[in-house]
Amino acid sequence: MSKLVMGYWDCPVCGAKEIRGDVTNCPSCGRARGDVQFYVKGYQEGQNLREEELSHFEQLDDEKAQTFSKNPDWYCSFCNSLNSDNAKFCNNCGSSREDSEANYFEMLQKKKEREAAEAAAQPQPSSAQAKPSRSPMKILLLILLAVIALFIWMNGNKTSGDLTVTGLQWVRNINIEENRMYQESDWSLPAGAEQTDARSELHHYDKVFDHYESVQVPYTEQVYDHDEYTLVDNGNGTFSEVSHPVYRTETRYKTEQQAVYVPVPRYQTKYYYNIWRWTPSRDVTASGDDHNAVWPEVELGENEREGQRTEAYAFTVEHIGGKEAPATYRIAESDWMNINVNDKLYITSKRTGALPFISDEKGNKIADIVQVK
Ligand SMILES: [Zn+2]
Ligand SMILES: [Zn+2]
C-alpha cells in the first residue's frame, strides 16, 4: 500500500529552510506560507526509487495521513497564503474561500509565467552590440556580377597572330591482318570451327532441396520485473508514492524448420575446336612533308589481307618572334590541302578548353582543328 511522504518548504520571507509540510506558519518569522514550492528532502523531482528506498523518506502513518486532505491547498487572493482544502476560511486573514480561485498548482504556474515574462523583459546585451550586417541582397548581386564576368571571360577568344606555317606532315597507314588458327573450347561450337574433341565436364552446381532441419531461433520479450516509484507533489505539504512498472528484456527461443539444400553438380558437353580468326599483325605506313599524300604499296603474304586504314594530316606553325615553341595541329585533309609552307595564319582558342580553330585576324573561324598534338 502506497503511503504519503512528508513534504518540506522554505520561507520566502525570512529564508528559513526545511519547514515541515504540516506547519503552515514559518517558525522563524511567523508569516503564513504562500508562494512556496514543496519538496522532499534528499529527493529530486522525477527520480525513480526502488521499493526498499521508500523507507529512507519520511513516510506518514495512517493516522497522520488522514489529517491531510487529498486535494491541494487553496491560495488566498487577499493575503497570498496557502490553506488546507478542509478550511472554508483563510487561516491567516479570515477571507472566505469562495472569494479565491487559485490553488497551489495554479499559483506555481502563474509564478513561473511571471518569472519568464520578467526574464524576457531584460535587455539583451548581445543583440544590442551586434553590428549591422551587409544586406543579403547586395551580397547576392555581387556574386551574380562575378559569375557573369567569369562567364564572359571563359567564353572569350584568344587569337594568336603572327604565325607562320613551317612544315606539313601526312601519314597514311594500312593495317595487315593474318588469318591465324586458335585452339579454343566452349559449351557450344561456333560457326566455322573444326571440332577436335567433345567431353562431358562440370558446368555448374544446382542448389537442390534435401531435408528440413529444426533450428532454435532467438527472440526477445519484455517481462515485468519490478515496480519503481516517484514522489509526486500533492500541493498540501505531502507527496504521494506513485508506482511505475519496470520491464526487463528476456531472450527466448522458438523452434523453426529450415530447409537444407545440397549442391548437385551439373555436367554438359564441352567442345574443343580449332578456329581461324583474322588478327591484326603488322602495319604498312607511308608519310611525307608535301601535299602528295598516297597510300602505301602493300604486298600480301599467304593468309594475309588488308585491314583498317588510318590517315592523319598536320601542319606546324612558329611565331615570327620565336618566343613560343613551334606547335603542330591536325586538320581535315581538305583544309590541309589549302595550307602551304610560309602561309601566315591565326589560331583562336576558347578559354573554356574547347578545341582551337584556324581563324582570320578577328577570330572568325576558317577551319576546324581535329586534334592538338
Ligand atoms: Zn519566515
Ligand atoms: Zn488570507
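Summarising the amide proton neighbourhood of H203: residues at separation of 5 or more, or on other chains, whose placed amide H is nearer than 5 Å comprise R266, Y267, Q268.
Based on the Kirkwood radius over alpha-carbon pairs, what is the Stokes-Einstein translational diffusion coefficient of the chain at 37 °C with 0.692 mPa s viscosity, in µm²/s? Present the calculation step by step, with values, prior to reporting the outcome.
Working: Rh = 34.5 Å.
Taking Rh from Cα pairs, D becomes 95 µm²/s.
Local charge for L189 was computed over the other residues whose Cβ lies under 14 Å away, with Lys and Arg +1 and Asp and Glu -1, and equals -2. The simple Förster model, with R0 at 25 Å and r as the Cβ-Cβ distance, assigns D290 and T164 a FRET efficiency of 0.90.
What does the net charge come to around V294 if you take all other residues with beta carbon closer than 13 Å to its beta carbon, with K and R at +1 and D and E at -1? Working shown, then result.
Working: positive: R172, R309; negative: D290, E297, E311, E333.
It works out to a net charge of -2.
The long axis of helix 104-121 is offset from the longest Cα principal axis of the chain by roughly 50 degrees.
Under a 10 Å cutoff between Cα atoms, tell me which one of M137, M337, M181 has the largest fluctuation in the Gaussian network model of the chain. For the chain, modelled as a Gaussian network with Cα springs under 10 Å, the answer is M137.
Cysteines in the chain lacking any other cysteine Cβ under 4.7 Å from their own Cβ: there are none. Taking every DSSP helix (H) stretch of at least 4 residues in the chain, weighting each as -39,500 (n - 2.57) and dividing the sum by the residue count yields a mean residue ellipticity at 222 nm of -4000 deg cm²/dmol. For the chain, the longest principal axis of the Cα atoms and the long axis of helix 136-155 meet at an angle of about 10 degrees. Counting 0.36 nm for each residue step from L150 to K64 and taking away their Cα separation leaves a gain of 22.3 nm.
How much length is gained on full extension from L355 to A259, taking 0.36 nm per residue of separation minus their Cα-Cα distance?
Working: separation 96, 0.36 × 96 = 34.56 nm, distance 6.43 nm.
Contour length minus the Cα-Cα distance gives 28.1 nm.
A Förster radius of 41 Å, combined with the Cβ-Cβ distance separating N86 from T251, puts the computed FRET efficiency at roughly 0.15. For a straight C-alpha distance cut-off of 24 angstrom, the lysines reachable from K64 (same-chain residues fewer than eight places away being disregarded) are K3, K17, K41, K88.
None of the figures in this text is laboratory data; all of them are computed from the coordinates on show. Bear in mind that the values here come from a model prediction, so they are computed numbers and not experimental data. Every residue, glycine as well, gets a Cβ built from its backbone with ideal geometry; the counts of neighbours run over all protein chains shown.
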